[in-house]
2 protein chains.
Amino acid sequence: MLLIQTPRNALRQNSTSSTPRLRPTTLDIPGLTKSKVSPDGRISERDVGSKLIIIMVGLPARGKSYITKKLARYLNWLQHDTKIFNVGERRRLATHHQDHIPNLNGAQVAANALLNTDQEGPPIPTLTLPEPASPEPIAQHSKAAADAENDAMDQSADFFDPNNKKAAQIREQCALDTLDDLFRFILEEGGAVGILDATNSTLGRRKMIIDRIRERIGHVNVLFIESVCEDKHILESNMRLKLSGPDYKDKDPHASLEDFRKRVAIYAKNYVPIGEYEEKHNMPYVKMVDVGRKVISHQIRGFLSAQAVYYLLNFNLAPRQIWITRHGESMDNVAGKIGGDSELSPNGHCYGKALTDFVTLKRQEWELYQQAKAAHTHLPPHPGDHTPPNPYVELEGDSNRNFCVWTSMLKRSIQTAESFDDEEYELKQMRMLDELYAGTMEGMTYQEIQSQYADEYAQRQKDKLAYRYPGQGGEGYLDVINRVRPVIVELERMTDHCLLITHRSVARVLLAYFLGLRRDQVADLYCPLGMLYSLEPVRKPMPH
Amino acid sequence: MLLIQTPRNALRQNSTSSTPRLRPTTLDIPGLTKSKVSPDGRISERDVGSKLIIIMVGLPARGKSYITKKLARYLNWLQHDTKIFNVGERRRLATHHQDHIPNLNGAQVAANALLNTDQEGPPIPTLTLPEPASPEPIAQHSKAAADAENDAMDQSADFFDPNNKKAAQIREQCALDTLDDLFRFILEEGGAVGILDATNSTLGRRKMIIDRIRERIGHVNVLFIESVCEDKHILESNMRLKLSGPDYKDKDPHASLEDFRKRVAIYAKNYVPIGEYEEKHNMPYVKMVDVGRKVISHQIRGFLSAQAVYYLLNFNLAPRQIWITRHGESMDNVAGKIGGDSELSPNGHCYGKALTDFVTLKRQEWELYQQAKAAHTHLPPHPGDHTPPNPYVELEGDSNRNFCVWTSMLKRSIQTAESFDDEEYELKQMRMLDELYAGTMEGMTYQEIQSQYADEYAQRQKDKLAYRYPGQGGEGYLDVINRVRPVIVELERMTDHCLLITHRSVARVLLAYFLGLRRDQVADLYCPLGMLYSLEPVRKPMPH
């Protein structure tokens, strides 16, 4: 009869017993918190109780993978090691569809999914990024997969028929193997959050998963996230998106759609939505209806869960553009000094003017393009339409959205925005966008630092992301991530365009989020003065 | 057929028309953002679309006022001017029960409600605060109230009978007058968030409110917050709490409880929970079930709403203690210098030792007291029990909770915690708790600042809260509030005890939150070295 059952209470042990005492699951923020068990602010091996396993739930085509990838990208960016474990990928592997299997790496997949520039859109400046190192594949060949390979099976609806015994067995084994990968990540590879991306639409499957977690890990936070589509247009649009996904690529669209509908119908027969059972058993869950239109959260526990839920509460599918650039050249740039608060150089003022003209032009082009697109959009989409519209576009019926221009509170950033007409653009200064504060090194050149503080310089070179400049108030990249976080949540929450005119470290941190960069990529991202990045969310087909 | 209808779209005007164009409702954070319309980061008069009206919904004894007061305290602390408008207060005024009416001031009431030390608890150190200036009453005498005063009416269940025409008329007038006060606050007094605290349990009443808002203010964010109790124990406990409230104080408890139940039954007959109607009409709402056990949020729009919902997601009723103190005396303290990162003085080390012994003793006393209390707790409470238990205590059945000790990352704070046994206490360092960074004034004495930077010194004296120290990275109180915010949310979220060993400005900011201090009180709060504050949430009877 526990009213609010916390994991701690569910299993409190005498601290002298051999079972380890469960630590409180309070906040750990890399770089900002420090304790004996977690000197770098990451969740330590010992602290499994603070880790989080997320179990996705929902019928196919409900946007589970979209949510999963966005969430993983956000948590990885906050430096909580997060990985997605996708059962569908393993299933396709087990049934020999290897040619369609991308190497799965949570962050990298998310970046690809979210930041491919919209190919159909108006020409926009290209994003130049250093070549990413090849991500490690997570779906290693299991025995079951190897066995199954001998008789490759088609992934048509028949495969999902419960009466197809052979297929059912493969599907079960795939789920178990994927779960084992997730456990390895949490227990042996230092992972903080493991996400199981699958339909998990029956109560039986969900109970099996919970039992296995309790048996293998014991006490760890578990959060179910269910995605539900009540809006017929979103659902139809999601379904058609599948036609260009790995199961149906290069097949007849009409037959494929029919097959996919059948497959969903099979799942739907045994589908038990999250709710009654979970509430009776004090199980934490989040149910998202129509991508953030309505969110039900139940018994949310622990810092990581709270962070995840907060993020899920704040996103939308509105089409729009996010632009990121550094300020124009400043007098300190000319002198090669870091930090400071100098004015723009004449060159810098020119950049501000050119930026204004360019963005104004691109804004007009975008609006014209959206209007044209809306005119040719059909909801429900016409048969054979492989690039279904974002339902938001059509229903919104208004592409003339606001355009925010956000600068830091430093002169060189504010001056770069000086040509924007404040009747047409919403100008705002934000302290969160200020340059990284270099403590006692403010106003020095890198050369001076290297010769006068060789130790500090070397330490910084060794791990730029974790490095913090000495002196009271001195910052590092992790501090910047932390203060930029509210800006990211705000960018996700709002539906307006936004141009951010900021500084090198902050631009890198912003781009690291949008591109899902790996830890070692953030602080070295190529990000020169005068480069303008344009980001636009697009929907890409994803495996179910 | 709008999928995600934003207020902006609902009424976009041509920017050349005479109707003011609606600004995007993006984040405004006092001290951290700046724009032409909002130079100090507060929502400007012109920006009514960014303001927020919260309408509470729920039967009596569902904890509405509790939620309201906590939320108002949080938003005021974040420097978003928030005020509660309570219809029950006005009703009591209108029916001549003036002797029971406290002066209502959102922040102040919240502080009283939450931070009265628990009189039944073990002796704990007393909180010393500067005398608060008397809060302004918000319930001014209206004409209706004056009319009604002539025939004072009893607030028994009869009064709430819809067939009691005279009473119904008074109740209606009270609701309208209270709403007018709220409009005045938003439109004329610079308020950012107005909260209407009343049952608003019928669809008719809610429609009337919305119509009146649209008619009087036009476009403003409206958020409904409904509180529901499914847990019988919480409900019973809440009901008994009413017996010591203003309507039933000094009356026979048995008869009072019967009368109150009747009153609730009358409301319940016409009660329409939030849901279907609101979803059909794209109206944003939050439904809280059993104080945070389950939270349903729908169409949350705008920065302020998102902040409010995030806060509501993260609180609980667990009994526990929060301790706040400054570090022990440091070498810089001895020298009178501000800032820096010096070691503790011998005196400072002594304080650390004494603090450890004292807190360890008090922790034991608290646990013994809770065990004794749990042994005498009856759920449902026995008749005549005026001090109903916190349902959490009984059902929890375990008072042996964890105890966190959080320090800043500065030496003087870390050293003050050095005597705590890390097997018994969860020690953690947090950069968010570091002292305010005084920029170029670091390491100076106040006297030096006064003589060398007379202008800065004078400016700081004029408005300490808004003042920011000069130099890159220099901070002010508003910066501290912003970086302490995640700590506050975490303290609300967790159920463990916590001792925070921090610095003057941060201690002031923490206490400002817990005590609901007014803006002008924060930066001057008396907070000397060696003072230890103990805070414990208690439930107090509140008017319905």
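Residues that are in contact (Cβ under 8 Å) with a residue 40 or more places away in the chain, within 23 Å of B:Glu230 (Cβ to Cβ) and not in a helix (DSSP H, G or I) within segment B:257-282 comprise B:Tyr271, B:Val272, B:Pro273, B:Ile274, listed in sequence order.
Whether a residue is surrounded by fewer than 19 Cβ atoms within 10 Å (Cβ to Cβ) and without any contact (Cβ under 8 Å) to a residue 60 or more places away in the chain was assessed, and A:His254 does not pass this test.
Of the residues B:Leu313, B:Leu235, the single one that is under 20 Å from the mean Cα position of the chain (by Cα), open to solvent by 10 Å² or more (accessible area, probe 1.4 Å) and hydrophobic (A, V, I, L, M, F, W, C) is B:Leu313. For segment B:416-430, filtered to residues that are buried (at least 16 other Cβ atoms within 10 Å of the Cβ) and facing chain A (nearest Cβ under 8 Å), the residue that is nearest to the chain's Cα centre (by Cα) is B:Met430. Is it the case that B:Ala354 is assigned to a helix (DSSP H, G or I), among the small types (Gly, Ala, Ser) and at pLDDT 90 or above? For B:Ala354, the condition - assigned to a helix (DSSP H, G or I), among the small types (Gly, Ala, Ser) and at pLDDT 90 or above - is met. Look at (1) modelled with pLDDT under 85; (2) among the hydroxyl-bearing types (Ser, Thr, Tyr); (3) open to solvent by less than 30 Å² (accessible area, probe 1.4 Å) and you find that B:Ser244 fails only one, number (3). Considering only residues that are aliphatic (A, V, I, L, M) and modelled with pLDDT under 95, look in segment B:296-310 and name the one that is most open to solvent (accessible area, probe 1.4 Å). Within segment B:296-310, the match that is most open to solvent (accessible area, probe 1.4 Å) is B:Ile300. Restricting B:Arg468, B:Arg460 to those that are more than 30 Å from B:Pro346 (Cβ to Cβ), open to solvent by 40 Å² or more (accessible area, probe 1.4 Å) and not aromatic (Phe, Trp, Tyr) reduces the list to B:Arg468. State the number of residues belonging to segment A:216-256 that are in contact with a Ser or Thr (Cβ under 7 Å, 6 or more places away or on another chain) and either outside any helix (DSSP H, G or I) or within 14 Å of chain B (Cβ to nearest Cβ) (or both). The qualifying residues number 3.
Checking A:Phe224, A:Phe185 one by one, the residue that is at pLDDT 95 or above, open to solvent by 10 Å² or more (accessible area, probe 1.4 Å) and not aliphatic (A, V, I, L, M) is A:Phe185 and no other. Between B:Gly530, B:Gly516, the distinction of being open to solvent by 10 Å² or more (accessible area, probe 1.4 Å) and of a type in the set (Gly, Ala, Ser) belongs to B:Gly530 only.
Restricted to helices (runs of 4 or more DSSP H) entirely inside segment B:431-518, those with at least 1 residues that are within 14 Å of another protein chain (Cβ to nearest Cβ) and more than 22 Å from A:Arg468 (Cα to Cα) are B:477-493, B:504-515. Taking residues in segment A:353-373 that are among the polar types (S, T, N, Q), and partners anywhere that are surrounded by 13 or more Cβ atoms within 10 Å (Cβ to Cβ) and not in a helix (DSSP H, G or I), the pairs with Cβ atoms closer than 7 Å and at least 6 places apart or on different chains are A:Thr356/A:Ser419; A:Thr356/A:Phe420; A:Gln370/A:Pro319; A:Gln370/A:Ser399; A:Gln371/A:Ser399.
Please determine whether any residue of segment B:497-509 is among the polar types (S, T, N, Q), at negative phi and touching a helix residue (DSSP H, G or I) at 6+ places or on another chain (Cβ under 9 Å). Yes: segment B:497-509 contains one or more residues that are among the polar types (S, T, N, Q), at negative phi and touching a helix residue (DSSP H, G or I) at 6+ places or on another chain (Cβ under 9 Å). In the condition set (1) within 11 Å of chain B (Cβ to nearest Cβ); (2) within 30 Å of the chain's Cα centre (by Cα); (3) outside any helix (DSSP H, G or I), A:Pro319 is compliant with all but (1). Is it fair to say B:Ile322 is closer than 30 Å to A:Ser297 by Cα and without any contact (Cβ under 8 Å) to a residue 12 or more places away in the chain? No: the conditions fail for B:Ile322. Anything in segment B:280-295 that is open to solvent by less than 20 Å² (accessible area, probe 1.4 Å) and under 14 Å from B:Ile210 (Cβ atoms)? List them, or say none. Once the filter is applied, which keeps residues that are open to solvent by less than 20 Å² (accessible area, probe 1.4 Å) and under 14 Å from B:Ile210 (Cβ atoms), segment B:280-295 yields B:Pro284, B:Tyr285.
The values are calculated or read from the model by the stated rules, or taken from the named source; none is laboratory data. Being a predicted model, the structure only gives us computed values, none of them experimental. Note that we place each Cβ from the backbone using ideal geometry, even for glycine, and neighbour counts take in every protein chain shown. Note: accessible area is taken over every heavy atom of the protein model, side chains too, but ligands, DNA and RNA are not part of it. Shrake-Rupley method; radii C 1.70, N 1.55, O 1.52, S 1.80 Å.
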